Amino acid sequence: MNECFLGVDIGTGSSKAAIVDIKGHVLCQASVPHKMSTPRPGWYEQDADNIWWGDLLLLCRKLLGDLRQPKESIKGLALSTIGPCVLPVDKAGNPLRPGILYGIDTRAETEIREIEEQLGKDVIFAKTGQDLSTQSCCPKIRWIRKNEPEVWKKTAKILTATGYLVYRLTGRFTLDIYTAIGFAPIFDLTEKNWDPSLTGSIMEIDQLPELLWSSQIAGELTQQAAELTGLPPGLPVITGTTDAAAEALGAGVEHTGDMMMMYGSSNFFILKTESLRPVRSFWASNFLAPGSYVLTGGMSTVGSMFKWFGETFPGRSVAEWENLARQSSPGAGGITSLPYFAGERTPLHDPNAKGVIFGMSLSSTPGDLYRSLQEAVGYGIRHNIEELEKAGARAARILAIGGASESRHLMQIVTDITGCSQNLPQQKLGACYGDAFLAAVGSNYLHSTADIGRWVCMEDEIKPSTANQEIYDKGYERFRKLYKSTRHLLG
């Protein structure tokens, strides 16, 4: 029998899944689009049943309809989802409200300050290796407790999107150790466990899920879940992780110094390090298996910014905008943009940062505008890379992945601005491909997550050109000064 493995990823704007055989060959794949709700400015939510669970069921039906071998050949299932996010559920595991999404949701700024004042920023950093930010779950949990008391009264567990789906499949409440870093300050980074001394002001410790490594088996598919999904009952369900970690695995991150650079709705990067390296600008974490460590960070908007631009100035396709940007020149006709259309994550950690388009004139063209946003992505990534290097962490190999990485024009701009080569993996599926590999490891058909090189090959390497280095260096200087000179105007 040709053993195979199912990987499912629930993303911000779509969900994808694939069934992959033991050698890494994709047997079938499927995707479905979905939306997120924005009930108020700065609030981003998704419905756990209609979107997360609904997409999972739809993808399973699609894949099983396309699989040309018995479904019993599927030997493991692993999931990844957007994260970290917050979903309160009752004793029966029913969602009590829509899930609150990751760092793009900025509702809990007041709660961030409250927790910092109560515990002290230095205490939080010493325990968790990071400062609180909009990426943190605990301020959002505190927000629910303060603002939705009827929801909180019924809350038995706080789950992530991955945890909720694993619960629906197995009946077990779990959270992977990589994603647990999002629960600062109540997750102890070194001990890899919950800290009961810090939980009381935020939640009760019995409201937290069980911590497991991403590649561990969380449970077996229940009879009820098997009937709904069409998958074999008893199928091992792996704990899984956040989409970015699965994306890193699917991109081929295996050695210290490997860095996944994900270009999706947002940007997220994961740099594999030899040890835990807590620094205030980024997020240090344990990775997918014992003894593996990473530094992570990212920009709030990339693909979502280009989507906004296309919707705000309709009438042209993405390909047409790209063509116009190619007709512009390095420096974007003198336009410098700030890509902070949903605040900014690393290294600024500024939820109030705003997008800026600066330097327009009557000679500015549509292509200049679009190219200025592409260059803004490059400048933002350069800022992160420089701060990483100041912290003593250097990327030996950058692996570019995600929908926006399919734009060679964008990839060349980023490469030229940063001066860093970018490798493009041959397999473009991303997180669901990494999930399938996790499923193979977790069900003991492959040895460890460090074996991902057996599946992933590189398609191309984009190398930097020095022809426009002076232009980009000056543009980067303007980029940095523009934020500093406009920040005070935002209140």
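The values are calculated or read from the model by the stated rules, or taken from the named source; none is laboratory data. Quantities reported herein were computed from a predicted structural model and do not represent experimental measurements. FYI the Cβ positions are ideal-geometry reconstructions off the backbone, even for glycines, and counts take in every protein chain you see.
Residues that are hydroxyl-bearing (S, T, Y), over 26 Å from P339 (Cα atoms), touching a strand residue (DSSP E or B) at 6+ places or on another chain (Cβ under 7 Å) and modelled with pLDDT of 95 or more occur in the stretch 425-443; there is at least one.
The condition of being surrounded by fewer than 17 Cβ atoms within 10 Å (Cβ to Cβ), part of a helix (DSSP H, G or I), under 21 Å from the mean Cα position of the chain (by Cα) and not polar (S, T, N, Q) holds for only one of D49, D122, that being D49. Taking the stretch 28-60 as the range and being under 16 Å from C432 (Cα atoms) and touching a residue at least 60 places away in the same chain (Cβ under 8 Å) as the test, the residues that pass are Q29, W52, W53, L56, L57, C60. The single condition among (1) closer than 20 Å to W52 by Cα; (2) modelled with pLDDT under 95; (3) of a type in the set (S, T, Y) that T162 does not meet is (2).
Note on the stretch 38-52: residues that are among the polar types (S, T, N, Q) and within 22 Å of K354 (Cβ to Cβ) amount to 1.
Any chance the stretch 193-203 includes a residue that's within 30 Å of C60 (Cβ to Cβ) and either among the hydroxyl-bearing types (S, T, Y) or surrounded by fewer than 21 Cβ atoms within 10 Å (Cβ to Cβ) (or both)?
Among the residues of the stretch 193-203, not one is within 30 Å of C60 (Cβ to Cβ) and either among the hydroxyl-bearing types (S, T, Y) or surrounded by fewer than 21 Cβ atoms within 10 Å (Cβ to Cβ) (or both), which makes the answer no.
Within the stretch 267-288, does at least one residue satisfy the condition of being over 24 Å from Y178 (Cα atoms), out of contact with any Phe, Trp or Tyr (no Cβ under 9 Å at 6 or more places or on another chain) and among the polar types (S, T, N, Q)? No, because not a single residue in the stretch 267-288 is over 24 Å from Y178 (Cα atoms), out of contact with any Phe, Trp or Tyr (no Cβ under 9 Å at 6 or more places or on another chain) and among the polar types (S, T, N, Q).
Which residue, of D243, D188, D195, D206, is in contact with a strand residue (DSSP E or B) (Cβ under 9 Å, 6 or more places away or on another chain) and without any contact (Cβ under 8 Å) to a residue 12 or more places away in the chain?
D206
Considering (1) under 19 Å from the mean Cα position of the chain (by Cα); (2) modelled with pLDDT under 95, say which one A450 fails and leave the rest. The number of the failed condition is (1). For the stretch 104-116, the criterion of being basic (K, R), within 20 Å of G200 (Cα to Cα), surrounded by fewer than 24 Cβ atoms within 10 Å (Cβ to Cβ) and free of Cβ contacts under 8 Å to residues at least 60 places away in the same chain is met by at least one residue.
Restricting attention to the stretch 57-83, the residues that are surrounded by fewer than 24 Cβ atoms within 10 Å (Cβ to Cβ) and part of a loop (DSSP other than H, G, I, E, B) add up to 4. Exactly one residue out of I335, I357, I398 is buried (at least 21 other Cβ atoms within 10 Å of the Cβ) and free of Cβ contacts under 8 Å to residues at least 40 places away in the same chain, and it is I335. Applying the condition of being of a type in the set (V, I, T) and modelled with pLDDT of 95 or more to the stretch 187-241 and asking which residue is nearest to G11 (Cα to Cα) yields T241.
Applying the selection to the stretch 1-16, what residues are in a strand (DSSP E or B), touching a helix residue (DSSP H, G or I) at 6+ places or on another chain (Cβ under 7 Å) and farther than 10 Å from K75 by Cβ? Within the stretch 1-16, G7, V8, D9, I10, S15, K16 meet the criteria. Kindly indicate the residue of the stretch 453-491 that is under 24 Å from the mean Cα position of the chain (by Cα) and aliphatic (A, V, I, L, M) and also nearest to A246 (Cα to Cα) among those meeting that condition. Filtering the stretch 453-491 for residues that are under 24 Å from the mean Cα position of the chain (by Cα) and aliphatic (A, V, I, L, M), the one nearest to A246 (Cα to Cα) comes out as V456. Consider the stretch 444-491 and keep the residues that are basic (K, R) and touching a strand residue (DSSP E or B) at 6+ places or on another chain (Cβ under 8 Å). The one that is nearest to I385 (Cα to Cα) is R478. Any residue at all in the stretch 84-94 that's touching a Cys at 6+ places or on another chain (Cβ under 7 Å) and within 20 Å of S37 (Cα to Cα)? Checked against the condition, which is being touching a Cys at 6+ places or on another chain (Cβ under 7 Å) and within 20 Å of S37 (Cα to Cα), the stretch 84-94 yields at least one hit. Mind telling me which of the residues Q216, Q224, Q207 ends up being of a type outside the set (A, V, I, L, M, F, W, C) and closer than 30 Å to R113 by Cα? So the residue among Q216, Q224, Q207 that is of a type outside the set (A, V, I, L, M, F, W, C) and closer than 30 Å to R113 by Cα is Q207.
Residue under question is I124, and the condition is that it be among the β-branched types (V, I, T), under 19 Å from P351 (Cβ atoms) and at pLDDT below 95; does it hold? Yes: the conditions hold for I124.
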